[in-house]
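Worksheet: the structure to be examined is printed underneath.
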Amino acid sequence: MNINRLATWITFLAVFAMSARLSLDSDTWWHLRAGQWIVENRRVPHVDPFSYTRAGETWQYPGWLVEAPMYAVYRTFGPGGLNLWTAAMVTLAFVFLWQTLSGGVFLRALATILAATVSGVYWAARPYLVTFLLAAIYLWILESYRWRSKNDPNASRRLWLLPVLMVIWANSHGGFAIGFILLGVYGISEAVGCLFDFFKRPDLPAESTSANSKPAASAHSSKLIRLSIIGILMALAVCLNPYGPVMLAYPFKTVSIGALGAYIQEWQSPDFHQRTAQPFIWLLLLTFGAAGLSRKRLALSDFLLVGGFAYLSLLAWRNVALFALAAPPVLTRQAAPALEALKRRIGWRSAPIVPRRKQATLNWILFGLVALAALLKATTALPLETNRAEIRQTMPVDAVAFIKKSTPPGRLFNSYNWGGYLLWELPEYPVFMDGRTDLYNDELVNQWLQVMRAEPGWQAALERWQVRLVLVEPDSPILGRLALNGWNLLYQDERAVVYGR
């Protein structure tokens, strides 16, 4: 094993070890519950079967293709199985990202590890991982078409995989809009190239017009036409789902919900005072620095790729993981020429491609040690008790056990963060709200906030929905009002409080 192959393998083992962790978050649970419902009923839900505030209302979520397998994995292997699934999806995404990077193996390894650190803020056992993986695959296909189509005859053919992958994407997660954004980045670049060629053409001498401008113009226009056809096919591919063409509007419906950016953390701008946000700044500044130091002109597609996804990341936390995929190809493409020039200046000699026997043996030993360490790290995410202890830190496990045992009557008003967990662990009590904000919209979110904050009209909201139980966090403002308005404390611990009417 030579040093380049060793560095490559160590990089992916490091990514796997980083992502093999406890990955169940608050939204994992409602995806599991939806997957269970799909498996038990052998069809996808078209109306909401889980809440009383939206019971019977239209619910069309593009996640069935992932939710059912997630439920099967959880039922068979428990939380540890979902943790390994998360690690496998993340690692596979970086395998495709690796193919888009430029320069030597150590530059690519550095960029990959930094990208993994940046995107780690959003690794969770959710269908979003399909968006993360497919975004990496789309990026690989489009980058190959943009930069390597002359030397790689398969680069153009792989474009036709995009509509096929879009069928999977549109049935897996609402983030399929990212596929269109990525296609748009390269399509706009080719469109601008066509415009430049058009306006340049009158200024060229007659003899150069036929020799130089026509091939360039035809190259840009042919690529633009091909990408436009692919875009149309992708739009048609989105329609191949249980709900039909209505799914084309799903991303627009989601981002139009004002409560997302106002109250839900993953849809808010990053808090750069948090340590987890710092790697995003490092990657952004390194990319800008590499572009500034490089003598290679920054292509429009590169500017749109970095600038566009940086913009989306500054708007919402959840997009930081996508920026971690978009920036490294540009970073390495700009940094590679500068590093090569520096190596020549200082007389740097690369390691031999075929190492000596002793060196090859040492490389294999080092690989084995790193692989063992990665395996041991992965095993820490498997034990059931470890996962249960982590769940207990964030979910009202004991309060749910109390409700199951005492079975108090009435509808339940619940914390937003616990809605998905209650769907899974307490299905006999439909929830007021859970993480499916596309279903509840601003109307229900605002009612929920009215009650939680004990704002004027909170009593009328609870009366309207005939609520007789309240399960919220101990620091919720509503608790002080409940005790003064005829509600009884039924249960309390450091994690949750239950009141009954």
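Here residue 306 fulfils each of the conditions (1) within 30 Å of residue 27 (Cβ to Cβ); (2) more than 18 Å from the chain's Cα centre (by Cα) apart from (2). Among the conditions (1) small (Gly, Ala, Ser); (2) farther than 27 Å from residue 183 by Cβ; (3) surrounded by fewer than 24 Cβ atoms within 10 Å (Cβ to Cβ), residue 125 misses just one, which is (3).
Restricting to the range 462-501, name every residue that is in a helix (DSSP H, G or I) and either surrounded by fewer than 12 Cβ atoms within 10 Å (Cβ to Cβ) or in contact with a strand residue (DSSP E or B) (Cβ under 8 Å, 6 or more places away or on another chain) (or both).
Passing the criteria: 462, 463, 464, 478, 479, 480, 482, 483.
Are any of the residues in the range 237-245 hydroxyl-bearing (Ser, Thr, Tyr) and modelled with pLDDT of 90 or more? Yes, the range 237-245 has at least one match.
Here is a yes/no grid of residues against (1) on the phi > 0 side of the Ramachandran plot; (2) crowded, with 17+ Cβ neighbours inside 10 Å; (3) outside the structural domain of residue 138 (by TED's automatic domain parsing); (4) in a loop (DSSP other than H, G, I, E, B):
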position: 232; (1), (2), (3), (4): no, no, no, no
position: 237; (1), (2), (3), (4): no, yes, no, no
position: 240; (1), (2), (3), (4): no, no, no, yes
position: 246; (1), (2), (3), (4): no, no, no, no
position: 252; (1), (2), (3), (4): no, no, no, no
position: 261; (1), (2), (3), (4): no, no, no, no
position: 272; (1), (2), (3), (4): no, no, no, yes
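A residue that is more than 24 Å from residue 34 (Cβ to Cβ), in contact (Cβ under 8 Å) with a residue 60 or more places away in the chain and surrounded by fewer than 22 Cβ atoms within 10 Å (Cβ to Cβ) occurs nowhere in the range 72-87.
For the range 305-362, a residue qualifies if it is farther than 20 Å from residue 293 by Cβ, at pLDDT below 90 and of a type outside the set (Gly, Ala, Ser), and the qualifying residues are 349, 352, 353, 354, 355, 356, 357, 358, 359, 361.
In summary, residue 410 fulfils each of the numbered conditions (1) at pLDDT 95 or above; (2) more than 26 Å from residue 62 (Cβ to Cβ) with the single exception of condition (1).
Go over the candidates 401, 461, 496 one by one and state the one that is free of Cβ contacts under 8 Å to residues at least 12 places away in the same chain and either more than 31 Å from the chain's Cα centre (by Cα) or closer than 27 Å to residue 32 by Cα (or both).
Working: 461 fails: free of Cβ contacts under 8 Å to residues at least 12 places away in the same chain; 496 fails: free of Cβ contacts under 8 Å to residues at least 12 places away in the same chain.
Of the residues listed, the single one that is free of Cβ contacts under 8 Å to residues at least 12 places away in the same chain and either more than 31 Å from the chain's Cα centre (by Cα) or closer than 27 Å to residue 32 by Cα (or both) is 401.
The values are calculated or read from the model by the stated rules, or taken from the named source; none is laboratory data. Here the structure is a predicted model, which is why all the values come from computation and not from measurement. Neighbour counts run over all protein chains shown; Cβ positions are idealised from the backbone, glycine included.
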